[in-house]
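The values are calculated or read from the model by the stated rules, or taken from the named source; none is laboratory data. Keep in mind it's a predicted model, so treat the numbers as computed, not measured. Cβ: placed from backbone, ideal geometry, glycine included. Neighbour counts: every protein chain shown. Just the protein is used for accessible areas: all its heavy atoms, side chains included, with ligands, DNA and RNA removed. Shrake-Rupley method; radii C 1.70, N 1.55, O 1.52, S 1.80 Å.
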Amino acid sequence: MNNSEKKRRNGEAEEENEEDVEDEGRDAWERTYTDERSWEALEEDESGLLQPIDNKAIYHSQYRRRLQSLSATSAASRIQKGLIRFLCVVVDLSKAAGEMDFKPSRMAVIAKHVETFIREFFDQNPLSQIGLVIIKDGVAQSLTELGGSPEAHIKALMVKLGCAGDSSLQNALELVHDTLHKIPSYGHREVLILYSALSTCDPGDIMETIQKCKKAKLRCSVIGLSAEMFVCKHLCQETGGSYMVALDEGHFKELLLEHAPPPPALAEFAIANLIKMGFPQRAAEGSIAICSCHREAKVGEGYICPRCKARVCELPTECRFCGLTLVSSPHLARSYHHLFPIEPFTEVSARQLELSRVASKTCFSCRESLLTPGTNKAGPCAACTKCKQYFCLDCDIYIHESLHNCPGCESRRITPAAASATMS
Amino acid sequence: MATLPSKPIADDVSLLVVLIDTNPFFWSTSSSSLNFHQFVSHVLVFLDLIVRLSQLNQIVVIATGHNTCDYIYDSSLDTDQVTGEGELPALYSFVLQRLEEFVNKDEKLGAKQDGLSEKRVSSLLSGSLSMALCYIQRVFRSGPLHPQPRILCLQGSPDGSEQYVSIMNAIFSAQRSMVPIDCCYVGSHNSAFLQQASYITGGVYVKPQHLEGLYQYLATVFAVDLHSRSFLQLPRPAGVDFRASCFCHKTTIDMGYVCSVCLSIFCKHHDKCSTCGSVFGKAQLDAASDRKRKASES
Ligand SMILES: [Zn+2]
Ligand SMILES: [Zn+2]
Ligand SMILES: [Zn+2]
Ligand SMILES: [Zn+2]
Ligand SMILES: [Zn+2]
Ligand SMILES: [Zn+2]
């Protein structure tokens, strides 16, 4: 039971908290103090006595502030997200990656967090692709082709982990340029370099390469692990990326994960496009068919191209026979709550609730009493501006952070519905 | 914990949230061997079975109507009625009475809206699913010791493609909270939404072959707790329908056009995305090569 409690994820906010707990940077006792800073919340009343802290109210007001700031950004900028991204992750595995200022080593820390990053990236960018590049012994080497399978990338990186030689930024940029410049025009081309070294050992003029990347609209970002370098800063400025240097492991992870959510789509970086796609059915378990990708007879576990009925093993892919882009529609649907966000609920004071006509004084969606426990008085709650239903503060948070549906609005027909015609 | 101090809860204690489809359009037109009253009586015996399996089991019934959704029954609110020996008819008559009230209310709400669109015969599944998930979150909040929740959709109406986005939102939230959505579909065609719901959340989807034996399906597949479920040979899904709804006409499609900026789905080619406002460039590389390939094929 406790196990399930731990595994259960209530919403994005909680997910992050959970990950923080795994941080090994500080001792546990230090962490509780730095994270919570509980003393700062203490308040005195007029006579100087300490007042009890209402954690729930604080939590809710924090959430409301977050929600307000989110809804303040215009709808257009919220929607304009370049959701089809082609990202090359460049990992510097020169001998500087072996240094042990990060525990146990920079390399191990990078590998651990790149794994988290790759999973998070595909969760947030379902149609995007990643390619891995490493720098070792002064040369850049492509570890994986651009692809959509997180497992393949993670496996390839873990196998190749080990550092040697010098680092070469120019070689890496030339390689990613060759990979990225041929992708379709609707895609966002991005490069993320995790740079450990303090120098770059290049065969030619790196400034020329930087201009070439700029021309090819590669957005290059660098996360440094040692100290700031001019050439990295210059690269990021020229190409519109971000340059940051990590202070410690926690900071590194934070910087890395900032690259997981889609960046605002700048019109100059990619052309919007309508792409024809198919949403294949999953074949019945136990059915046997020859797949078009491996040319093998397989039992169950496959998808059927809606246009030519060919069988493919994995999504997303392109049908080998008719060329249709095949995706799993739930993958697309994961980001739809960005497109149709529900508006923030309005706060209802205890007095307003008291005066309201809602007889039951319970939360519309979970049926929790809206009265403060122990008393018969109304507590604070929230109301949907559209359906006018009342919700408890916990549901308010859950609805906006995880569910992304208003149960009240979903429980009514807004448009005129079918009536007596079909009724007997 | 705080709520049930004297009752330790094991992992085989369930919280079952049952969503009952009461849509009059479906039940009045269904030509199947099961009418609404027979359906409800099968379900009542099944609910009775759940509370008899363990006295700690909790059931919540939510009705999915055509115009509204509402809570019908919550066993945690009237424990004396259910756990009392030999008083089970009380559960039956209570649920029946509440269902009847609900159906009347639902019908009245429908009568108020006079605009006719005969096409729309779906029920408000997104509403009842959202309510069920909020209820389950409340149970999660009640402390570390809580019954294992699961949702059972007893659905017969066809999918309401206008609810596509909200149902998908609910499915993903259930998946994040690790709440399985089970489905027993009594309609004539399969439900693509519920197939996806079960597939994504790890629930079971069943479309009974013989509706007159509905209770048997319910009792054998959906009665056991999640822990014991792993020991069962459950029906294997006969494929999952991953079709989506287009944003422009709300029709279910298996092929369509997707906006590369916001991923909105359209059934026809547009010049401008109605969701995000992007104007689509002329560089139709994919579509062009697509057409070429098609032309050379035929
Ligand atoms: Zn294959
Ligand atoms: Zn095909
Ligand atoms: Zn609530
Ligand atoms: Zn609402
Ligand atoms: Zn359409
Ligand atoms: Zn769009």
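Of note:
- Charged side chains reduced to their Cβ positions (Lys and Arg at +1, Asp and Glu at -1) give segment B:14-229 a dipole of some 620 debye around its Cα centre.
- Whether segment B:14-229 is rounded, prolate or oblate, judged on the alpha carbon gyration tensor where a/c under 1.5 counts as rounded: rounded
- Segment B:14-229 - percent of accessible surface contributed by carbon and sulfur, probe 1.4 Å: 54
- Flagged links, alpha-carbon separation over 22 Å, of A:Lys155/A:Lys309; A:Lys136/A:Lys160; A:Lys112/A:Lys136: A:Lys155/A:Lys309
- Computed over segment B:14-229: relative contact order in percent, which uses C-alpha pairs under 8 Å that are six or more apart: 25
- Label-to-label distance, B:Thr220 versus A:Glu343, with points set 7 angstrom from Cα along the beta-carbon direction: 5.2 nm.
- For A:Leu371, residues with placed amide H under 5 Å, excluding near neighbours: A:Gly379
- In this simple spin-label model, placing a label point 7 Å from the Cα along the Cα-to-Cβ direction at both B:Glu212 and A:Lys386 gives a separation of 4.5 nm.
- Amide H contacts of A:Leu143 (H built 1.01 Å from N, in plane; Pro and chain starts excluded): A:Leu132, A:Val133, A:Ile134 sit under 5 Å, all sequence-distant by 5 or more or on other chains.
- Extension gain, B:Ala238 back to B:Ser142 (0.36 nm per residue minus Cα-Cα distance, nm): 30.8 nm
- Centre-to-centre, using Cα atoms only, segment B:205-264 and segment A:164-188 are separated by 43 Å.
- Unsatisfied cross-links (Cα-Cα over 31 Å) in the set A:Lys95/A:Lys214; A:Lys212/B:Lys268; B:Lys207/B:Lys272: A:Lys212/B:Lys268; B:Lys207/B:Lys272
- Proximity of backbone amide H atoms, modeled 1.01 Å from N, is registered between A:Ser365 and A:Cys392 at under 5 Å, excluding neighbours fewer than 5 places apart on the same chain.
- Within the shell defined by Cβ-Cβ distances under 9 Å, the residues around A:Ser292 carry a net charge of +3, with Lys and Arg each +1 and Asp and Glu each -1.
- Efficiency of FRET from Cβ geometry, A:Lys298 and A:Ser142, R₀ 30 Å, rounded to 0.05: 0.55
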